[in-house]
Each structure stands twice: as structure tokens, then as C-alpha cells.
1. Taking the chain as a Gaussian network, Cα atoms linked when under 10 Å apart, which of Leu28, Leu115, Leu107 shows the biggest mean-square fluctuation?
2. Along the charge dipole of the range 43-279, which of Ser187, Val274, Leu83 sits closest to the positive end, that is, farthest toward it, with unit charges on the beta carbon of Lys, Arg, Asp and Glu (+1, +1, -1, -1)?
3. List the lysines whose Cα lies under 20 Å from the Cα of Lys185, skipping any in the same chain that are fewer than 8 positions away.
4. Please build a GNM for the chain, connecting alpha carbons under 10 Å apart, and tell me which residue among Gly263, Gly238, Gly366 fluctuates the most.
5. Once the convex hull of the C-alpha atoms of the range 126-185 is built, how many Å³ does it hold per residue, rounded to a whole number?
6. Over all pairs of distinct alpha carbons, what does the Kirkwood formula give as the hydrodynamic radius of the chain, in Å?
7. Let me know the Rg and Dmax you get for the range 282-412 when you use only its Cα atoms, in Å.
8. If N is the number of residues in the range 25-155, what value comes out of its Cα radius of gyration divided by 2.2 N^0.38 Å?
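Read-outs throughout are calculated quantities, based only on the coordinates presented, and are distinct from any laboratory measurement. A quick note: this is a predicted structure, and the numbers were derived from the prediction, not measured. Quick reminder, even Gly has a Cβ in these numbers, built from the backbone with ideal geometry, and neighbours come from all protein chains shown.
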Amino acid sequence: MEYPHLEQDDTEIYSAIVGEEKRQAEGLELIPSENYVSLAVREAMASGLTNKYSEGYPGKRYYGGQEFTDQVELIAIDRAKKLFGAGFANVQPLGGANANIALYTALMQPGDTILGMDLSHGGHLTHGHPVTFISKIYNFVRYKMKDIETGEIDYDELRETALRDKPKVILGGFSAYPRELDWAKISAIAKEVDALAVADVAHIAGLIAGGSQKNPFDYGFDVLTSTTHKTLRGPRGGLILTKDNEEIAKKIDKAIFPGFQGGPHMHQIAAKAVAFKEALQPSFKNYANQVVKNAHAMAEVFKEADVRLITGGTDNHLILADVLKSFGISGGEAETLLDAAGMTLNKNAIADDTRKPLDPSGIRFGTPAMTTRGFTETESKAVAEYMVEILQKRDDATVARVREEIRTLANAHPIPESFN
């Protein structure tokens, strides 16, 4: 993508953007929450819709001139509902955190209880970690894995906690959990205690849309929250879906606007609509299935090298490795080494980590972006082998050699401009 006006008007920002795009093109993005979007999505993001205020909802705006913005939002809503089998969709959340927080305000009163996955066992900050402001408003209680080596959730503990604390919401979802949750069990527990079942599917939304992961709606969940990037391969943004409860849908709409956000970002909503259309194509199912196959392939390489994987492997798009135990280095050191070799991932705490969050014991990596570039199991195994070699040897010569080989591999699989 060229930027002739930016190049002329602001050379500093132009230079930084060009540098970032070169970095992406010549290296591999292994962060499981990152992906590449099509040029069509990027064009929608850069459109004249960015100039327009559209407070409210289609047909009920507070400003004039909404003929085309209403069209855009209604198209986005319709496509989102088709993707996930939903009855209602709100496409205005600016991000996943915004979606979760707005949902809490829609469904609960201050002081009410939410039961969600513990951050140290794979949950997300917005699921009630004490460092967040939202944890000062609601009472968060948590569930964990029963067995870190297999990833089995302690559903007995989850049920006992729900029976004791009577949460208004039971939240299923994660940001660093490599297995698939038992949506049916969580839904049954929620019904037993008269709680709403909410799934935060930000990480696996694309896998659900593509049919390679189960849809919580099929197991009685009331609400899904999500981001629109990550595996869904759209612009950075949020999404809230409800199955068939119009009353809940109305509460969510009011919580987003005017409760939590002002004018929606219509250029972002247009880009979401484009991404939803791409995800509705038959080829997206092939993509979603390949994401999981590639993750399995990488996990096998690490297991063959006797690397400790949290939960023992993966059922989805991400892998969590204990590099402190396996290689004698911290997650921060591993991240720096691999980045120097052209493989970008993130340091990550592992279950019950004794190290600090900024330099934890683990790393988190995944396959959404690589798969978008056309990687199959063969290339995924090669990348995993490079990672193991770097973490084992940790010398400058190995890093330099692998960097060149990664550049060659990346150039052989350019970032696609279109998914059609």
C-alpha cells in the first residue's frame, strides 16, 4: 500500500509506517492475537467515513447526514449475525475490553458477582484482575485449571464457587489458554445458579466462524463478546452478540451508547463489515482449519524437544511454553532472542508463575498470521524447529543465520492483499 500524501506531508510518520510494514513483511508474526488484514479492510479504515459523527443507532441518530452510515452499520450487523448464528449484534465497541466492560454495566449492578477464569490460568485482565478499575466496581471470583499439564478446568470447583457466591454472570473465555472449554458444562452450571452465561471469544472468534471450534451459542450461552481482529482477521475493534434475547440486546445497546461510548467509529465499522464478508466465504473455513493444524504441528516439535507446554499441547491457535524450566531463560529473554531472529511473539506468565509479569517464565505464540500467509504444517514445523534451536543455542551466529533463513521464508510467503 502506498502513501503518497503522507510521504509528502509528514515524512517522520511515513518513515515509521514504512519501517513497520517492512518489519512485518520480512519477519513472522507469532503473537496469537495478531493477524494481517486485506487491503479492502485497510481501504475501508482509511475512507471518508472517518469524518462522520454517528451517535446513536441506524434510524435513531442524533446528527443528520446518516444515509450511508446507516447502510454500513446495518450491513455489518447482518453479516455478524450470520457468522455466529446470533439474533442480535452490536458492532460499535471500539475494542474487546470496551465490549466486556459495557456488557458488565448492561447486565449487572455495582457490587454484583462475576465468575471468570483466573488471569494466571489463562484469563484476561477484563475478567476481573485486581489491577483493573473494573474490579473495584464488581465482585470477581475465579476458577482455575485442575491439571496444568493437561489443561483440564476444575469444573467441580467452578460449580462449588457458583453455588456459594451466586454470580450474576459466569464468564467463559481466555487470552492464554490453549485448550477448548467445555461450553456445555459452563452453561449448565450457569442455569443451575440462575446466572447468565457469557463467552469472551476474542481469541477464537475466527475459529468459531470457520467451524474449527465449537460455538457457545449451540450450548445455551446468552451472550458472546469478541474482538474483530485476531483469528477473525478484521480491523482492531469489538463486537457483542446475543442469541435470541431482545431484552438483553436492548440493555447492551444502551450500555454501549450512551452509557459507555460516544460516537461510533464508522470507518472501523465499515472495515468490520468487509472482514465479516471475507469470513463468510468458503475459503475462510479452510483458513480456520489450517490455523489449528499448524498449531498442532508446532506443538509436536516442541514436545519432541522435551519442552514443557502448559496444558500439554493445544486445541486452538495458541501455544504456551515454559521456557524457564525448558531452557533456563526467562520469557523476556526468549522474546528478545526470537525477535532478533525475525520471529515476533510475547513473553507470558504461566499458571501460578513465581516471576513478575514483565519478565515471566513463559512465552505465548500462535499461528493465525502465519496461516494467513499460506503456511501449512511443513512450514510451521520448520518455524518451531528454528525457535527451539535459537532457545537452545542462544549465540549470535545462530541468531544471525536463522534471521536470514526466516527472511527468505517470509519473502516466499508474502502477506496477501486479498483473501478472495
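1. Taking springs between Cα atoms under 10 Å, the residue moving most is Leu107.
2. Result: Val274, furthest along the dipole toward the positive end.
3. Lys144, Lys146, Lys166, Lys168, Lys214, Lys243
4. Among Gly263, Gly238, Gly366, the largest mean-square fluctuation in the Gaussian network model of the chain belongs to Gly263.
5. Hull volume over Cα atoms, normalised by residue count, gives 96 Å³.
6. Values: mean 1/r = 0.0451 Å⁻¹.
Every distinct Cα pair counted, the radius reaches 22.2 Å.
7. Over the range 282-412's Cα set, Rg and Dmax evaluate to 14.2, 45 Å.
8. Numbers: Rg = 19.3 Å, N = 131, 2.2 N^0.38 = 14.0 Å.
Here the Cα radius of gyration is 1.38 times the empirical estimate.
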